[in-house]
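Student: Here you go, one structure.
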Amino acid sequence: MSKQVKAWGATSPEKTEPITITRRAPDDEDVGIDIKYAGICHSDIHTVRSEWREISYPLVVGHEIAGVVSTVGKNVTRFKVGDHVGVGCMVNSCRQCSNCHDGEEQYCSSNLVLTYNSKDPKDGTITQGGYSQYIVVDQAFVLRVPESIPLDKAAPLMCAGITLYSPLNHWNAGPGKTVGIIGFGGLGHMGVKLAKALGSEVTVFSQTNSKKELGFQLGADDYVATSDPDVFSRLSQKFDIIINTVSAEIPLDLYLSCLRRDGTLVQVGAPKDQLRISPHSLYARRIGVNGSMIGGIAETQKMLDLCGEKLIFPEIETIPASYIDEAYERVMKSQVQFRFVIDISTM
Ligand SMILES: [Zn+2]
Ligand SMILES: [Zn+2]
């Protein structure tokens with residue numbers, strides 16, 4: 001049966017408030033999940049403010065979902081009632097294109113269904129995200145949360161975690177590799193923890209030294225303030241991989257000068273304007289500039305298993321649902337260490 005559930009929805013670009021939404025009846029392949037926690041991602045804020053495209057209100061956002069299985073369809077083999085599970089940024093895809101076939105569903109070329117503000121092929125409605133008590137998701141897009149990861153801390157792994165893990169995994173971060181992380185926020189701090197867990201040496205590039213101690217505590221081998229002009233010459237040609245998590249324009253050529261031959265810069269932050277890079281920075285040492293967006297389902301599961309095994313958790317601040325609008329303001333001012341997680345029981 002379909003179900004009416006409480007949610008916290010954006011009713012205008014400026015305001016979120018309690019609303020009721022309808023979740024479809026689970027079909028044979030679906031898992032019904034009682035949501036316990038939902039992380040707040042920058043994308044949620046861009047979306048509710050219609051900064052990426054116009055949306056129709058009300059809309060429930062949230063794609064860092066952690067909860068407990070409460071119902072399973074009759075063909076569901078991978079999950080049972082009571083399992084700890086997660087859902088990230090996508091809830092379905094075409095499953096037939098070459099990207100889906102390769103387990104890179106996030107790059108589905110035909111019909112990627114996002115967790116919110118997409119058309120749900122199962123019932124034609126607009127998908128509604130995780131700031132709610134319950135969600136119904138096809139088993140192919142549900143992730144297993146290892147018992148060793150507390151559910152509140154599991155939530156941000158579903159977007160922030162995989163966003164950093166996927167490029168580290170794809171460009172072979174590991175022992176003997178040096179990794180630079182630009183920006184030390186919700187994404188950047190996961191980059192530090194995951195790069196260390198994979199065995200790399202990791203340096204944080206931050207604007208100032210204000211979070212330096214914290215950077216070392218969370219595992220960074222080095223932490224540099226980019227306001228210091230000597231930093232870039234000191235770190236010249238040091239890195240194999242640099243991941244840029246910053247959503248503002250920064251002087252990328254300086255960072256490219258810190259890459260070794262065949263090194264790569266991976267863009268995961270989303271600045272409004274075009275990236276500006278000198279061709280000299282690229283051909284000097286066969287430098288690559290790449291982008292990366294979340295990760296596939298199998299890869300996300302691999303990350304969760306690694307985090308469960310090595311006890312790698314995000315740093316979070318848990319909030320009641322009534323605090324969401326204020327939390328958005330603080331995220332925009334980078335006043336959070338490091339990820340807000342909504343306690344859904346406060347709904
Ligand atoms: Zn996100
Ligand atoms: Zn596809």
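Student: Do you know which residues across region 104-127 are farther than 17 Å from Ser43 by Cβ, without any contact (Cβ under 8 Å) to a residue 60 or more places away in the chain and within 8 Å of ligand 2 (Cβ to nearest atom)?
Tutor: Listed by number, the residues that qualify are Cys108, Ser109, Ser110, Asn111.
Student: Go through region 88-134 residue by residue and tally those that are among the charged types (D, E, K, R) and within 16 Å of ligand 1 (Cβ to nearest atom).
Tutor: Adding up the residues that qualify gives 1.
Student: Are any residues in region 80-106 surrounded by fewer than 17 Cβ atoms within 10 Å (Cβ to Cβ) and not basic (Lys, Arg), and if so, which ones? It would help to see each step written out before you state the result.
Tutor: Taking region 80-106 first, the residues surrounded by fewer than 17 Cβ atoms within 10 Å (Cβ to Cβ) are 80-82, 94-96, 98, 101-103.
Val81, Gly82, Cys94, Gln96, Ser98, His101, Asp102, Gly103, listed by residue number.
Student: Another question, then. Quick one: count up the residues across region 7-18 that are more than 25 Å from Ile316 (Cβ to Cβ) and touching a strand residue (DSSP E or B) at 6+ places or on another chain (Cβ under 8 Å).
Tutor: 1
Student: Identify all residues within region 60-78 that are in contact with a strand residue (DSSP E or B) (Cβ under 6 Å, 6 or more places away or on another chain), within 16 Å of ligand 1 (Cβ to nearest atom) and under 21 Å from Ile19 (Cβ atoms); write none if there are none.
Tutor: Val60, Gly62, Glu64, Ile65, listed by residue number.
Student: Need pairs with beta-carbon distance below 7 Å; first residue within 19 Å of Val85 (Cβ to Cβ) and within region 153-171, second more than 16 Å from ligand 2 (Cβ to nearest atom) and among the basic types (Lys, Arg); sequence gap 6+ or separate chains.
Tutor: Listed by first residue and then by second, the contacts come to Pro156/Arg339; Ala160/Arg339.
Student: Among the hydroxyl-bearing types (Ser, Thr, Tyr) and under 21 Å from Gly161 (Cα atoms): which single residue out of Thr245, Thr226, Thr208 fits that description?
Tutor: Thr245
Student: Further question on the same structure: Which of the residues spanning region 286-303 are more than 16 Å from ligand 1 (Cβ to nearest atom) and touching a residue at least 60 places away in the same chain (Cβ under 8 Å)? Walk me through how you get there before you give the answer.
Tutor: If we filter region 286-303 for residues that are more than 16 Å from ligand 1 (Cβ to nearest atom), which is where we start, we get 286-290, 298, 301-302.
Asn290, Ala298, Gln301, Lys302, listed by residue number.
Student: On to the next question. Report the residue count in region 128-142 for those that are more than 16 Å from Val61 (Cα to Cα) and either free of Cβ contacts under 8 Å to residues at least 60 places away in the same chain or buried (at least 24 other Cβ atoms within 10 Å of the Cβ) (or both).
Tutor: Residues flagged as more than 16 Å from Val61 (Cα to Cα) and either free of Cβ contacts under 8 Å to residues at least 60 places away in the same chain or buried (at least 24 other Cβ atoms within 10 Å of the Cβ) (or both) within region 128-142 amount to 1.
Student: Quick check: anything in region 37-55 away from ligand 1 (no atom under 16 Å from the Cβ), in contact (Cβ under 8 Å) with a residue 60 or more places away in the chain, more than 22 Å from Ile316 (Cβ to Cβ) and surrounded by 15 or more Cβ atoms within 10 Å (Cβ to Cβ)?
Tutor: No, there is no match, as no residue in region 37-55 is away from ligand 1 (no atom under 16 Å from the Cβ), in contact (Cβ under 8 Å) with a residue 60 or more places away in the chain, more than 22 Å from Ile316 (Cβ to Cβ) and surrounded by 15 or more Cβ atoms within 10 Å (Cβ to Cβ).
Student: Follow-up question, since we're still on this one. Could you list all residues from region 172-206 that are without any contact (Cβ under 8 Å) to a residue 40 or more places away in the chain, over 22 Å from Cys159 (Cβ atoms) and in contact with a strand residue (DSSP E or B) (Cβ under 7 Å, 6 or more places away or on another chain)?
Tutor: Glu201, Thr203
Taken together, the values in this text are just the output of simple stated rules run on the coordinates, not laboratory data. If you're wondering where the values come from, they're calculated on a predicted model, not measured in any experiment. Cβ: placed from backbone, ideal geometry, glycine included. Neighbour counts: every protein chain shown.
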